[in-house]
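Some notes on the structure that comes next.
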Amino acid sequence: MKGHVPTPEELADHIVTKLFRNNPPTKGDCILYPGCGTGPFVGAVHRYCDVNNLPVPKGVGIELNPEHLDKARENYSDRNVEFQQRDFLDEDILTSLSEFEYIVGNPPYIPIEGLDEEEKTDYKTRFETAEGRFDLFVLFFEQALNLLSPNGRLVFITPEKFEYTQTTAALRRILASNYVKEIEHVDENAFEGRVTFPTITVVENSNGGETRILTRDGAERQVSLPTDGSSWASTIRGGVPELESGVALGDVCKRISCGVATGADDIFVMEENEVPPQLEEWTFPTTSGRQLRINDGPDSGEVFISPYRKDGRLIPEDELGEFSEWAELHRGRLEDRSCYKKGNRVWYAWHENPPMQDILQPKLLCKDITEEPHFWKDNTGAVVPRHSVYYLIPENNVDMSELLEYLNDPMAQAWLEANCQRAANGFLRMQSTVLKKLPVPEEFGETKQSTLPGIE
């Protein structure tokens, strides 16, 4: 199976222990290894059963990659396992296989970009979980649960993102219709050389109660997971303040968006004191996410060399004057950008047209990837943020200083920490889809309403 990430032996043993804990196999039980790779879980199951003097369930291993399958057969040919070379997501899997008392595995991590158009169409037709920009491991969950016998147990190790992303809402509904017995967040570097924020999920085909949560910092709690497909993040992470107000940040902001991508910051970004005099009129102050923190604000000392007017229109080449002479020096590099090669951009244009009419006004800024949430204010409105920065334009009559104070309050920060996706090293991804949902005090919504016609 493409997207194969080998499971270390110690981790496989840990997962199998969860599979059989208070649920030991009996004679006649069957176990399924979907996307079995070279067979690490087959080995772990046999080690567990040998040590505990338990019968080994009859196994079926499904793997598409012939090299991985050959190795699995070589290692476990005498272990009561039938290995099959086939795609676990094929439609005929559900009709050709019986139900299993146990299912265990490490599904492949393949985002939608790794699939061809035929695969995308097929999966979207057959899988409830094939929503939006889905990942293949999500479909493995759905397929496997359809093969789990009554009171059977499934244990998968996957990225944790299914707990909170919009595209995995269907999976959360399906999981919650079963009994999610336990979710353990294991070390982010459990797979050598990869930061995947792995999560071990234990699911039983039964009615159940609360879910046991084990966090990476060693905390343990019992929770009741939402069943409607909404994010599990705040429930799982715990300690999240109640901020429900009926008003969200997206309601009181005209725009929440990431900054400008040029496709060639090495050319268009320059230290302000190094700008040639003939280009000074073509500059806008700029900041990156890294500089926001270093400089504790948007004053970075750097500028964009910009061929755009303040209304966002690209200046025609015959009106560029001395800018054109400077740009010609870098023409080879600018024409080497993908945005130009695809025929989408004029050779001296940025990767995307900057919405200057929105950007060039007082605004709030934050890093797109950050260790902890923090916001800064651009009082002048002159700063054009780079792609590693999000900018927020409050509605008229929303006091920007008060909004800034609220966003930097520990309560709002705790909400963001609970709901944002994780990047490498535990950092947060401050995505607009999450920022827009952040609850804000009702008075911010009231100030917005007071600006509407007919409201005093």
Query - Residues being under 23 Å from Leu64 (Cβ atoms), out of contact with any Pro (no Cβ under 7 Å at 6 or more places or on another chain) and at pLDDT 95 or above - total across the stretch 144-189 - result: 7
Report task. Considering every residue within the stretch 107-125, establish whether at least one is more than 30 Å from Ser206 (Cβ to Cβ), under 31 Å from the mean Cα position of the chain (by Cα), in a helix (DSSP H, G or I) and touching a residue at least 40 places away in the same chain (Cβ under 8 Å). Result -> yes
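To keep it simple, each residue is scored yes or no on (1) assigned to a helix (DSSP H, G or I); (2) of a type in the set (Val, Ile, Thr); (3) buried (at least 17 other Cβ atoms within 10 Å of the Cβ).
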site: Arg255; (1), (2), (3): no, no, no
site: Asp266; (1), (2), (3): yes, no, no
site: Pro285; (1), (2), (3): no, no, yes
site: Asp296; (1), (2), (3): no, no, no
site: Ser300; (1), (2), (3): no, no, yes
site: Gly312; (1), (2), (3): no, no, no
site: Asp318; (1), (2), (3): yes, no, no
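Being outside the structural domain of Leu416 (by TED's automatic domain parsing), aromatic (Phe, Trp, Tyr), assigned to a loop (DSSP other than H, G, I, E, B) and free of Cβ contacts under 8 Å to residues at least 60 places away in the same chain, is that true of even one residue in the stretch 148-165?
Our first condition is that a residue be outside the structural domain of Leu416 (by TED's automatic domain parsing); within the stretch 148-165, this holds for 148-165.
Filter again for aromatic (Phe, Trp, Tyr), leaving 156, 162, 164.
Keeping just the survivors that are assigned to a loop (DSSP other than H, G, I, E, B) gives 164.
Add one more test, that the residue is free of Cβ contacts under 8 Å to residues at least 60 places away in the same chain, and what stays is none.
Within the stretch 148-165, not a single residue is outside the structural domain of Leu416 (by TED's automatic domain parsing), aromatic (Phe, Trp, Tyr), assigned to a loop (DSSP other than H, G, I, E, B) and free of Cβ contacts under 8 Å to residues at least 60 places away in the same chain.
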Requested in this report: From (1) within 21 Å of Trp326 (Cα to Cα); (2) crowded, with 19+ Cβ neighbours inside 10 Å, pick out the condition that doesn't hold for Pro277.
Outcome: (2)
Query raised in the report: Condition test on Gly209, is it on the phi > 0 side of the Ramachandran plot, without any contact (Cβ under 8 Å) to a residue 60 or more places away in the chain and in a loop (DSSP other than H, G, I, E, B)?
Result: no
Query raised in the report: So which of Gly3, Gly61 is modelled with pLDDT of 95 or more, among the small types (Gly, Ala, Ser) and closer than 20 Å to Val138 by Cα?
Result: Gly61
Query raised in the report: Looking at Glu131, is it in the same structural domain as Leu32 (by TED's automatic domain parsing) and part of a loop (DSSP other than H, G, I, E, B)?
Result: yes
Report task. Looking for whichever is part of a strand (DSSP E or B), acidic (Asp, Glu) and either within 31 Å of the chain's Cα centre (by Cα) or loosely packed, with under 14 Cβ neighbours inside 10 Å (or both) here; the options are Glu91, Glu82. Which one fits? Result -> Glu82
Requested in this report: Looking only at the stretch 312-322, decide whether some residue is assigned by TED's automatic domain parsing to the domain that holds Ser388, under 30 Å from His374 (Cα atoms) and either in contact (Cβ under 8 Å) with a residue 40 or more places away in the chain or more than 33 Å from the chain's Cα centre (by Cα) (or both).
Outcome: yes
Query raised in the report: So how many residues does the stretch 415-440 have that are more than 20 Å from Thr165 (Cβ to Cβ) and at pLDDT below 85?
Result: 0
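Output the residues belonging to the stretch 158-182 that are of a type in the set (Val, Ile, Thr), crowded, with 21+ Cβ neighbours inside 10 Å and out of contact with any Leu (no Cβ under 7 Å at 6 or more places or on another chain).
Taking the stretch 158-182 and keeping what is of a type in the set (Val, Ile, Thr), we get 158, 165, 167-168, 174, 180.
Pick out the ones that are also crowded, with 21+ Cβ neighbours inside 10 Å and you get 158, 165, 168, 180.
If the condition is that a residue be of a type in the set (Val, Ile, Thr), crowded, with 21+ Cβ neighbours inside 10 Å and out of contact with any Leu (no Cβ under 7 Å at 6 or more places or on another chain), then Thr158, Thr165, Thr168 are the ones that fit.
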**Report entry** Subset tally (residues that are assigned to a helix (DSSP H, G or I) and either closer than 20 Å to Pro6 by Cβ or not charged (D, E, K, R) (or both)) for the stretch 166-195
**Finding:** 10
Report task. Would you mind finding the one in Arg333, Arg337 that is at pLDDT 90 or above, exposed (fewer than 14 other Cβ atoms within 10 Å of the Cβ) and assigned by TED's automatic domain parsing to the domain that holds Glu274? Result -> Arg333
Report task. Out of the residues in the stretch 368-395 that are more than 27 Å from the chain's Cα centre (by Cα) and assigned to a loop (DSSP other than H, G, I, E, B), state the one that is surrounded by the fewest Cβ atoms within 10 Å (Cβ to Cβ). Result -> Gly381
Requested in this report: Starting from the stretch 17-44, take each residue that is on the phi > 0 side of the Ramachandran plot and assigned by TED's automatic domain parsing to the domain that holds Val56 and list its partners that are of a type in the set (Gly, Ala, Ser) and not in a loop (DSSP other than H, G, I, E, B), counting only C-beta distances under 6 angstrom and pairs at least six apart or across chains.
Outcome: Gly35/Gly105; Gly39/Ala72
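The values are calculated or read from the model by the stated rules, or taken from the named source; none is laboratory data. What you see is a predicted model; the values in this text were computed from it and never measured. For neighbour counting, all protein chains shown are included, and Cβ atoms are generated from backbone atoms with ideal geometry for every residue, glycine included.
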